[in-house]
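Peer 1: Handing you this structure, nothing more for now.
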Amino acid sequence: MKTRSFCKRLKTKCAPEFIDITDWVAQCVAESQITNGFAVVYSKHTTAAVKINENEPLLLEDMKEFLERMSPRENGYQHNNFEIRTVNMNDDESPNGHAHLQHLLLGTSETVPVINGEMQFGTYQSVFFIELDHARNREVMVQVVGE
């Protein structure tokens with residue numbers, strides 16, 4: 001059993017933002033030289049997700065609107081009340097309770113089977129890194145495991 005790990009730095013522009021990273025994940029799988037196994041695509045953040053879905057512009061707009069309806073940015077969240085919050089505070093802390101709640105719906109990672117050196121995607125599947133908070137530097141990882 002072999003394992004290869006890769007990390008990519010991203011500069012997001014806005015939120016929500018859907019960044020198609022499918023080609024990069026495929027490059028990682030090819031470079032790993034693992035022919036049968038799986039690739040895990042993982043966000044290193046609690047306000048940025050990884051999901052597989054269709055890369056169709058109108059659907060992407062629908063997904064952005066869905067996330068906003070599920071957890072609107074302007075709602076009042078206790079996590080955003082910096083007068084009472086005392087845990088995990090940073091100098092540049094942002095009011096991002098909405099992004100954490102949206103992340104609950106989406107998740108941190110996706111796993112893609114690799115057979116004969118190829119990721120096993122359906123016709124319209126793409127891998128997205130999804131910014132939920134605001135423009136910033138981010139990291140996404142791929143770990144390919146198999147033989």
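Peer 1: For residue 90, only one of the following conditions fails: (1) surrounded by fewer than 15 Cβ atoms within 10 Å (Cβ to Cβ); (2) in a strand (DSSP E or B); (3) over 14 Å from the mean Cα position of the chain (by Cα). What is its number?
Peer 2: Here residue 90 clears every test but (2).
Peer 1: Let me ask something else. Go through the range 120-139 and give me each residue that's surrounded by fewer than 19 Cβ atoms within 10 Å (Cβ to Cβ) and not small (Gly, Ala, Ser). Break it down into steps so the answer makes sense when it comes.
Peer 2: So the first thing to find is which residues in the range 120-139 are surrounded by fewer than 19 Cβ atoms within 10 Å (Cβ to Cβ), and the list is 120-126, 134-137, 139.
Residues satisfying the conditions are 120, 121, 123, 124, 125, 134, 136, 137, 139.
Peer 1: Kindly indicate whether residue 49 is in contact with a helix residue (DSSP H, G or I) (Cβ under 6 Å, 6 or more places away or on another chain), part of a strand (DSSP E or B), of a type in the set (Gly, Ala, Ser) and within 16 Å of residue 144 (Cα to Cα).
Peer 2: no
Peer 1: If you don't mind, another one. List the residue pairs whose Cβ atoms are under 6 Å apart, where the first residue sits in the range 26-39 and is in contact (Cβ under 8 Å) with a residue 60 or more places away in the chain and within 11 Å of residue 142 (Cβ to Cβ), the second is hydrophobic (A, V, I, L, M, F, W, C) and part of a helix (DSSP H, G or I), and the two are 6 or more positions apart or on different chains.
Peer 2: What qualifies is 39/29.
Peer 1: Every residue in the range 1-19 that is among the hydroxyl-bearing types (Ser, Thr, Tyr) and within 18 Å of residue 46 (Cβ to Cβ), please. Don't jump to the end; show me each part of the working.
Peer 2: Within the range 1-19, the subset among the hydroxyl-bearing types (Ser, Thr, Tyr) is 3, 5, 12.
Within the range 1-19, 12 is the sole residue that qualifies.
Bear in mind that the values in this text are calculations on the coordinates, not laboratory data. These numbers were taken from a predicted model, which means no experiment stands behind them. Quick reminder, even Gly has a Cβ in these numbers, built from the backbone with ideal geometry, and neighbours come from all protein chains shown.
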